[in-house]
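Novice: Have a look at the structure that comes next, please.
Values quoted throughout were computed directly from the atomic coordinates according to the rules given, and no laboratory measurement underlies them. Model, not experiment: these values are computed from the prediction. Positions of Cβ are backbone-derived with ideal geometry, glycine not excepted, and every protein chain shown enters the neighbour counts.
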Amino acid sequence: SVAYPNSGKVQLISNHNPRIVVFEGHGVDVCMDDDAPITDEMAVSTDRLRVVFQTMRERGYVPITWQEYIEWKLSADIIPMPKRCMLMTFYDYRYENYMNYDKRKPFELFNVKPGLAVISDQEALTDTVQIDGRTFTIKEIWEAIVRAGWYPCSHTKNHRILNKYSSAELQPLLKDYALSCNQLGIYSDILVYPTGATGGGLINAIRQSAF
């Protein structure tokens with residue numbers, strides 16, 4: 001491996017021990033990489049996405065869905081995985097990454113179906129937004145995204161930093177995050193904690209929750 005923190009270490013890649021690379025992102029800008037960022041300092045260009053996906057394909061990485069990953073985690077002795085797998089997730093409710101035709105082109109071209117992390121108090125099912133000159137309700141957007149194989153993940157209810165809370169405080173919070181996703185008409189069993197802030201107490205609380 002050449003990547004931190006395992007640089008210089010020899011790592012086994014086999015059907016029994018797949019290497020799973022997870023890419024994390026926020027927004028997507030429709031532009032060449034030299035022009036980015038334009039609208040969002042946390043965005044990736046569509047040009048860069050194509051380069052990354054093509055490079056991963058050339059190196060033998062197969063895109064998998066979060067549903068496939070979950071099924072493998074639950075039944076690793078039954079469900080095989082490719083030797084090299086690639087997953088992707090986007091933070092902060094960026095549903096336009098799929099709903100905008102030009103933004104989703106790289107994903108369709110390489111059959112990449114990311115997770116999409118929801119801040120569940122940010123929108124209501126009946127709220128409307130305009131994308132590509134058309135008006136959609138949040139309900140219509142989620143139905144389209146889930147049908148396409150993108151996976152809804154909870155990003156908490158209000159982008160709360162979770163490693164500040166005790167285990168006793170975390171359990172009702174985690175339950176609230178799961179149920180608040182239900183109110184958006186989606187089922188979420190993956191928690192993407194904001195800013196990557198975590199710790200032993202949070203991990204243990206998640207293990208005892210439905211996430």
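Novice: Please give the calculated 222 nm ellipticity per residue for the chain, where each DSSP H segment of at least 4 residues contributes -39500 (n - 2.57) and the sum is spread over every residue; nearest 500 deg cm²/dmol?
Specialist: Taking each H run of at least 4 residues, the total per residue is -9500 deg cm²/dmol.
Novice: May I ask you to list the lysines whose Cα is less than 27 Å away from that of LYS175, ignoring any residue fewer than eight positions away on the same chain?
Specialist: Reachable lysines: LYS73, LYS113, LYS139, LYS157, LYS164.
Novice: Oh, and also: If you restrict to DSSP beta bridges whose two residues both lie in the chain, what percentage is antiparallel, to the nearest 5?
Specialist: Of all bridge pairs located within the chain, approximately 20 percent are antiparallel.
Novice: Taking only Cα atoms and a 10 Å spring cutoff, compute GNM fluctuations for the chain and point out the largest among ASP40, ASP121, ASP102.
Specialist: Among ASP40, ASP121, ASP102, the largest GNM mean-square fluctuation belongs to ASP40.
Novice: A follow-up question, please. If each of THR198 and GLU96 carries a label point 7 Å out from its Cα toward its Cβ, how far apart are those two points in nm?
Specialist: Inter-label distance under the simple model: 3.0 nm.
Novice: Once Lys and Arg get +1 and Asp and Glu get -1 on their Cβ, which of ILE206, VAL118, ASN163 lies farthest toward the positive end of the dipole of the chain?
Specialist: In the chain, that residue is ILE206.
Novice: Say a paramagnetic label sat at a point 7 Å from the Cα of GLU71, along Cα to Cβ; which residues of segment 79-101 have their backbone N under 19 Å from it?
Specialist: 79-88
Novice: If you don't mind, there's one more thing I want to ask. Can you tell me the dipole magnitude for the chain around its Cα centre, using point charges on the Cβ only (Lys, Arg +1; Asp, Glu -1), in Debye to the nearest 20?
Specialist: 820
Novice: Counting only C-alpha contacts under 8 Å and six or more residues apart, can you give the relative contact order of the chain as a whole percent?
Specialist: RCO, the chain: 16 percent.
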